[in-house]
Structures are given as C-alpha cells and as structure tokens.
Amino acid sequence: MNESANPIIIQGGMGVAVSSWQLANAVSQTGQLGVVSGTALDTVLVRRLQLGDPGGHIRRAFKEFPLSEICKRILSLYYRPEGKPYQEPFVSLKLMNEAPSREQLELIVLGNFVEVFLAKEGHDGLVGINYLEKIQLPILPSLFGSMLAGVDYVLMGAGIPTNIPGAIDRLCEGKPVELTLRVDGANELDRFRIRFDPEEFTGGQVPWLRRPKFLPIVASATLASMLSRKSNGAVDGFVVEGPTAGGHNAPPRGKSHFNERGEPLYGERDVVDLEALQALGLPYWLAGSYGSPEQVVNALDAGASGVQVGTAFAFCEESGMREDIRREVIQLCKSGELDVRTDPLASPAGFPFKVLSLMGSLSDSVSYQLRKRYCDLGLLRQAFKTANGTLGWRCPAEPVAAFEKKGGHAQDAVGRKCICNGLMATVGLGQWRSESGCELPLVTCGDDVKSITRFLKSASALSYSARDVVNHLLTLVSARTSVTTC
C-alpha cells in the first residue's frame, strides 16, 4: 500500500493478543491497516515460548532482532521446545514498577519487536500497534521495540496522550525519553517519572528509526482539538470511537445516568461534532458499530477517511481468540442468544467496559463470584504516594484486604474483574492455578457482534476470514468506484 494513502479500514487493536500478528498480517495483505495489540506483549512472548513456539515464528523473528545476545538470554530462560504440560503454571514475570530491571526492559522491547515484525512479514502493507495510555509503565520501551520493527502507525486510547508524539520523536533520534507518572496523592512538587534511554539499552548501537504516524483514539471533537493543539509533537489524525465500540469506552459526558441493567446512558452531549473534527484539517476514522458496507460509505460521506472495525475481526479465523470461543459466539449469533453489557465497574481502569456474557467465563456471575482474586500481571495497577513519600501500587481487582491495606476503599473493589488474567485466558494463555484450574476467559466486543454472521459464506459455516471481512466492508465503496470509473 502507498504510505501516503490513508487506509479506509483500520482493524481494531484488541488486547490481549486478540489482535495478533496473524490477524494484522492478514488485514495488511488486503491493502488496509492491520493493527496488533501492544498490551502485555512481554507476558505474551514468554508464554508462547513456554508453549514451545509452535511454527517457530518467534525464533524466526529473533534472528532479525539487532541485539542477538538479548534473544539468546530470553530463549535460555523461557523456551520449552516440548511445550509445558497443560496443568503446569506458566513462569510468572515480576511485576513492573517505576524502575524496571534490565530483563524487564528486554522482554518489553523484544515482545513488541516480534509482534510487529511478524505482522509486517511477507508483504509491503502498513501495520500499526495499539496501546492504552492508562498503562504507563511499559509504554516507552514498547514504543522503541515496535519502532525497531518498523511499525507504521501508533494508535493510543484510554487516556489523553499529549506527551507521546514528542516521545516518538525523541526515540527516532535515539535520545532518552521521560514521561510523568500519574500518582494518587502526589502534589505539584513531586516528580515521579518513568524513563527509557535507547543508547543505554543498545550499548550505543541505536539504529536509525523511522517515525510512525500517531493516531490518538478519542470520543469527542473537543479532545481531538486539545490534542492537536497541546501535544508535544505531531498528531497525524484521530480514531473517533463511539460508546457502542468494544473494550473500554469513554464515560458519558456530564452527570452519569444508568439504565435498569446498570449500564451508563449516553446522550446528545456524547454525539461527536463531525464539523468541528473536519475543521481540524486532519484525517479521522469513525469507530463503534461501523462494521457494515453502509456504515463505511456513511463515514466516507461524513468526511472521514474511513472506519475502524474491531468486533468483526475479533471473531475471524486469524484472530488470536481461542477457536472454541469464536465458534461458540458465532453459534449464539445464529440463535440470537448473545448479550453484550456495558459494565461500568468491570475494569480496574475506571472506564466502562463492554463484556460479552458467556457461561463459564469471567462475565458469568456465578463463575465470577467463585474466582479467587489474584493480581499477578498488574497491568492496570495504580501508583500511589505512600506516607514516607515513595511509590506503592494497588489494583481494585486484587484481594480486597490487600487493596484496603494500601489505602484503597473496599467499595471501589466491588464488581471489579481481573481483565488482565481474563483476556490472557481468552487467547489461550491463561494461567493455571493448582487450586482452581485455568483462569477463566473474559470476552469483550462491540454492540454489533450480533451481525457478524453476515461474513459467513453459507448458513452452515462457523468461521470466516479477515479477507472476507474487508471484502464485505468495501462492497459499496468498490461499487461506487466502478461506477465513477465507467
């Protein structure tokens, strides 16, 4: 694809590893923008290695990584040629803090490099990576790893990433980068920061890096305008996400109101002002129930460059989601028995979170109540200032007693789900617990999941490909182009 041309379809960057390198690679080969999830790629890497690296894909990517000694070290620590037995726990990684160890940095950089390298392999299409601004600790080495692999786009949601464009610019120049860390209880005199130095990491062997385009994910023209004016580097466009999209949603503007199911209600104030967006003069893509040919054309007619689609790709053959879950969801779609809920409490991040109800999953109320609380991945932990001025870390999805001991309030832990472990289980990388078995999956998707049967080629089919999705979405665009050409 021509790098100067904007894609019409952006495949959503769904974590953890639902937007796998296989999915992004398949979408990119159609000429659209394939996107990998950048969440927890260090854990994804080591767990895939412990499963034996089927197909040898990780080891193939390792051969292209410019610092071979790091790859040798990681292989010696985590690679299991025969694969670990099912009823054996994965080796757990130490939880990261504001001062990561050398090994933690290596795993983050390498995990991001591998995912992007494999997504870009074998074609000349464009590949992006999606991060959550809320997950601050790994973001700087993550950016460096993905840029080492030549990532074309960086997308970022769940926050206000004004300092990310400048960090990307400095990484391109091989300079150290810093970000201010959000800390509960900190004041204006505190200077809690995270830092990454490419020269120190590479031992002075920093390669030339090409700058990827940066697309913040926003829910309003107001936020888009602020980011375009106040970011410390170039913003190259926006993904504008509505409340029907999967994963994390922006909370409603103004005073919160809820329906009888406890879901937040969105109103007129949450409708995006597209005229104000167009006035910014930057490309934008609309997201949230845009997974149909009609909605693609509607977006283009509204001045958008195209759409971002997640849910349709989440359940296709190349998705990282477990095949049994994908098939179950398609079956439920056919029978009309699916239920998607916008849960205001599920995510420890504090944002409303879309949850698909499935028996035997973390969204099932009985299964949720039976699950013992663990916080051994810790991606959504919040930093807080302790009485002696140092940093502590807490998560409302961890054991309630531990959360309270760290200054958290018990009511803030009610209804919180361990999204980190749940999403890992959704892609077949769930931790095994000796007392309770494998972690339960947690499936998130958009409201339009019920319509994914449109991508099936026959009434009896139980799967469809990423190419099927792209071809269907562009049906009316292709027809319009053909008429114009004639």
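Read the figures in this text as sums done on the coordinates, not as results from a lab. Just so it is clear, the model here is predicted, and its values are computed rather than measured. When we count neighbours, we look across all protein chains shown, and the Cβ atoms used for this are built from the backbone with ideal geometry, even at glycine.
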Query - Amide hydrogen neighbours beyond the local backbone of Ile129, cut-off 5 Å, H modeled - result: Val36, Tyr153, Val154, Leu155
Query raised in the report: Ranked highest first by the average count of other Cβ atoms within 10 Å around their residues, in what order do 75-83, 228-236 fall?
Result: 228-236, 75-83
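Please sort by residue number the trypsin sites (Lys or Arg not before Pro) in region 427-460 whose DSSP state is loop and whose Cβ has at most 11 other Cβ atoms within 10 Å.
Working: sites: Arg433, Lys450, Arg454, Lys457; in loops: Lys457.
Here the trypsin sites (Lys or Arg not before Pro) that fit, given the DSSP loop and packing criteria, are Lys457.
Between their Cα atoms, which of Lys134/Lys417; Lys175/Lys385; Lys354/Lys405; Lys94/Lys175; Lys134/Lys354 are more than 20 Å away from each other? Don't jump to the answer; show the numbers that get you there.
Numbers: Lys134/Lys417 17 Å; Lys175/Lys385 29 Å; Lys354/Lys405 30 Å; Lys94/Lys175 27 Å; Lys134/Lys354 17 Å.
The pairs that break the limit, which is 20 Å between Cα atoms, are Lys175/Lys385; Lys354/Lys405; Lys94/Lys175.
Of all DSSP beta bridges located in the chain, what percent are antiparallel, nearest 5?
35
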Report task. Please list 169-181, 186-198 highest first by mean number of surrounding beta-carbon atoms within 10 Å per residue. Result -> 169-181, 186-198
Query raised in the report: Got a sec to turn the phi values of region 153-166 into Karplus ³J(HN,Hα) couplings, 6.51 cos²θ - 1.76 cosθ + 1.60 with θ = phi - 60°, whole Hz, x for Gly and Pro?
Result: 9, 10, 10, 8, x, 6, x, 10, x, 5, 9, 6, x, x
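Expressed in nm to one decimal, what extension gain is obtained for the pair Phe258 and Ala387 from 0.36 nm per residue of sequence separation less their Cα-Cα distance? Provide the component values of the computation, followed by the final result.
Details: separation 129, 0.36 × 129 = 46.44 nm, distance 3.70 nm.
That works out to 42.7 nm of additional length.
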Report task. Starting from the Cα of His409, move 7 Å in the Cα-to-Cβ direction to define the label point; list residues of region 341-381 whose amide nitrogen is under 19 Å from there. Result -> 344-352
Report task. Quickly rank 394-401, 132-139 as a protection proxy: mean count of other C-beta atoms within 10 Å, highest first. Result -> 132-139, 394-401
Query raised in the report: Which aspartates and glutamates does Lys230 reach when only Cα atoms under 20 Å apart count, and residues fewer than 8 places away in its own chain are ignored?
Result: Glu133, Asp169, Glu178, Glu188, Asp273
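Between Ser76 and Asp169, what FRET efficiency follows from the Cβ-Cβ distance if R0 is 51 Å, with the result rounded to 0.05? Can you show the working numbers first?
Values: r = 36 Å, r/R0 = 0.70.
Computed FRET efficiency for Ser76 and Asp169 comes out at 0.90.
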Report summary line: Expected sort for Trp285, Trp208 with the fewest Cβ neighbours (10 Å cutoff) up front is Trp208, Trp285
Requested in this report: Express in whole angstrom the spacing between the alpha-carbon centres of region 126-160 and region 68-110.
Outcome: 20
Report summary line: Partner aspartates and glutamates whose C-alpha sits under 16 Å from that of Lys450, ignoring same-chain residues fewer than 8 away, are Glu328, Glu337, Asp339
Query raised in the report: Tell me, how many Å apart are the Cα centres for region 395-419 and for region 1-55?
Result: 32
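Can you give the FRET efficiency for Asp184 and Ser357, using 1/(1 + (r/R0)^6), R0 = 22 Å, r = Cβ-Cβ distance, to the nearest 0.05? Could the numbers behind the result be given before it?
Working: r = 32 Å, r/R0 = 1.47.
The computed FRET efficiency comes out at 0.10.
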Report task. Find the centroid of the Cα atoms in region 314-344 and in region 233-311, then give the distance between the two in whole Å. Result -> 22
Report summary line: CD proxy, 222 nm, the chain: helix-only mean residue ellipticity via -39,500 (n - 2.57) per DSSP H run with n ≥ 4, per residue, nearest 500, stands at -9000 deg cm²/dmol
